[in-house]
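Take a look at the structure set out below.
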Amino acid sequence: MKTLFMSQDVWEIVKNGYDETEDTSTLDQDQKNLFKESRKKNAKASMYIQLGVGDTILPRVIHFPKAKEAWDILQKEYGGNKKVRELKLQSCRRDFENLKMKDNEKLNEFSFRVTEIVNQILMCGENLEEKIICEKILNCLPEKFEPIVAVLEATKDLSTLESQELWAQLKVYEERMSRHAEKSIESDFQSKMNLDSKNSAMKRNEYNGDSSSKYKGKGKYNRGGASSNNYKKGEPPKCNFCKKNGHLEKNCWSKGKPQCQH
């Protein structure tokens with residue numbers, strides 16, 4: 001509302017009011033023109049106030065002829081008096097001092113919390129310097145931000161650093177950490193996939209009777225059911241029917257089927 005009043009050049013009327021007089025005959029022409037302009041601005045400001053409030057609030061301000069009177073009523077009722085504003089300011093200061101970013105909290109979420117508290121303090125009439133805001137942000141970041149905090153403290157002048165620039169630097173660092181974490185997860189996943197594939201290949205080789213991985217010091221075979229009594233130690237059994245290693249003739253899966261002669 002204040003921005004609207006200032007854009008329409010009526011804020012001074014809302015803030016300070018103007019002197020109303022019923023008899024304008026004693027005024028010179030310049031004073032009459034000034035008085036006429038003040039009344040016009042007052043009506044304009046009153047119109048913006050009445051349009052800016054809801055239907056339940058409108059009856060409280062519509063009967064005041066001066067915009068300043070209506071504005072003071074709204075400020076007292078919704079902004080509180082000096083004591084109420086001071087209590088609210090103390091509460092906001094306490095929230096600002098207790099700010100701490102959580103380990104699992106995103107930087108956007110934390111920046112929203114900080115900005116909200118800072119705005120509440122500003123609305124209570126207290127001005128926070130950018131230096132204080134920046135120092136608070138750097139002091140309440142978790143340990144994973146320590147490298148960028150050390151760099152910023154060593155390379156930036158905190159007395160001239162703005163909070164928006166600081167947020168931008170921290171968000172770039174957070175995105176870089178996220179990319180490294182994604183690459184690490186992808187690498188771990190690929191390593192696990194390679195290991196699983198290798199284990200699966202070894203199992204297939206054992207099942208198919210691969211002598212390079214099967215018969216070194218082994219005394220039995222999964223296929224064919226041969227035992228150490230059917231072959232020499234260290235050598236695989238040989239089928240007399242199909243002439244293949246790894247099983248005996250009685251367990252041959254080709255026995256009874258046509259045989260290729262080529």
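The values are calculated or read from the model by the stated rules, or taken from the named source; none is laboratory data. Treat the numbers as computed from the prediction; the structure is a model and nothing was measured. When we count neighbours, we look across all protein chains shown, and the Cβ atoms used for this are built from the backbone with ideal geometry, even at glycine. Ligands, DNA and RNA are excluded from the accessible area calculation, which covers all protein heavy atoms including side chains. Shrake-Rupley method; radii C 1.70, N 1.55, O 1.52, S 1.80 Å.
Across segment 56-76, the number of residues qualifying as within 38 Å of the chain's Cα centre (by Cα) and of a type in the set (D, E, K, R) comes to 1. Scanning segment 6-23 for residues that are touching a residue at least 12 places away in the same chain (Cβ under 8 Å) and among the hydroxyl-bearing types (Ser, Thr, Tyr) yields TYR18, THR21.
Quick one: which of LEU99, LEU107 is under 30 Å from VAL172 (Cα atoms) and in contact (Cβ under 8 Å) with a residue 60 or more places away in the chain?
Testing whether each residue is under 30 Å from VAL172 (Cα atoms) and in contact (Cβ under 8 Å) with a residue 60 or more places away in the chain leaves just LEU107.
Among the residues making up segment 229-252, those that are surrounded by 13 or more Cβ atoms within 10 Å (Cβ to Cβ) and either modelled with pLDDT under 75 or part of a loop (DSSP other than H, G, I, E, B) (or both) are ASN230, TYR231, PRO236, PRO237, CYS239, PHE241, CYS242, LYS244, GLY246, HIS247, LEU248, CYS252.
With the requirement that a residue be farther than 23 Å from ALA43 by Cα and among the aromatic types (Phe, Trp, Tyr), what does segment 69-105 give you? If you could, list the steps in order and put the result at the bottom.
Kept after step one, since they are farther than 23 Å from ALA43 by Cα, are these residues of segment 69-105: 79-105.
The one that is farther than 23 Å from ALA43 by Cα and among the aromatic types (Phe, Trp, Tyr): PHE96.
For ASN42, the conditions (1) under 30 Å from LEU170 (Cα atoms); (2) part of a helix (DSSP H, G or I); (3) in contact with a Lys or Arg (Cβ under 7 Å, 6 or more places away or on another chain) all hold with the exception of (1). Within segment 24-40, is there a residue that is closer than 23 Å to LYS76 by Cα, open to solvent by less than 100 Å² (accessible area, probe 1.4 Å) and either free of Cβ contacts under 8 Å to residues at least 12 places away in the same chain or not aliphatic (A, V, I, L, M) (or both)? No, every residue in segment 24-40 fails to be closer than 23 Å to LYS76 by Cα, open to solvent by less than 100 Å² (accessible area, probe 1.4 Å) and either free of Cβ contacts under 8 Å to residues at least 12 places away in the same chain or not aliphatic (A, V, I, L, M) (or both). Within segment 46-86, the set of residues being loosely packed, with under 11 Cβ neighbours inside 10 Å and part of a helix (DSSP H, G or I) comprises LEU51, PRO59, TYR78, LYS82, LYS83. Against the conditions (1) over 23 Å from GLU116 (Cα atoms); (2) assigned to a helix (DSSP H, G or I); (3) β-branched (Val, Ile, Thr), THR21 satisfies every one except (2).
Taken over segment 3-23, the criterion of being within 17 Å of GLU69 (Cβ to Cβ), within 54 Å of the chain's Cα centre (by Cα) and open to solvent by less than 90 Å² (accessible area, probe 1.4 Å) is satisfied by PHE5, VAL10, TRP11, ILE13, VAL14, GLY17, TYR18.
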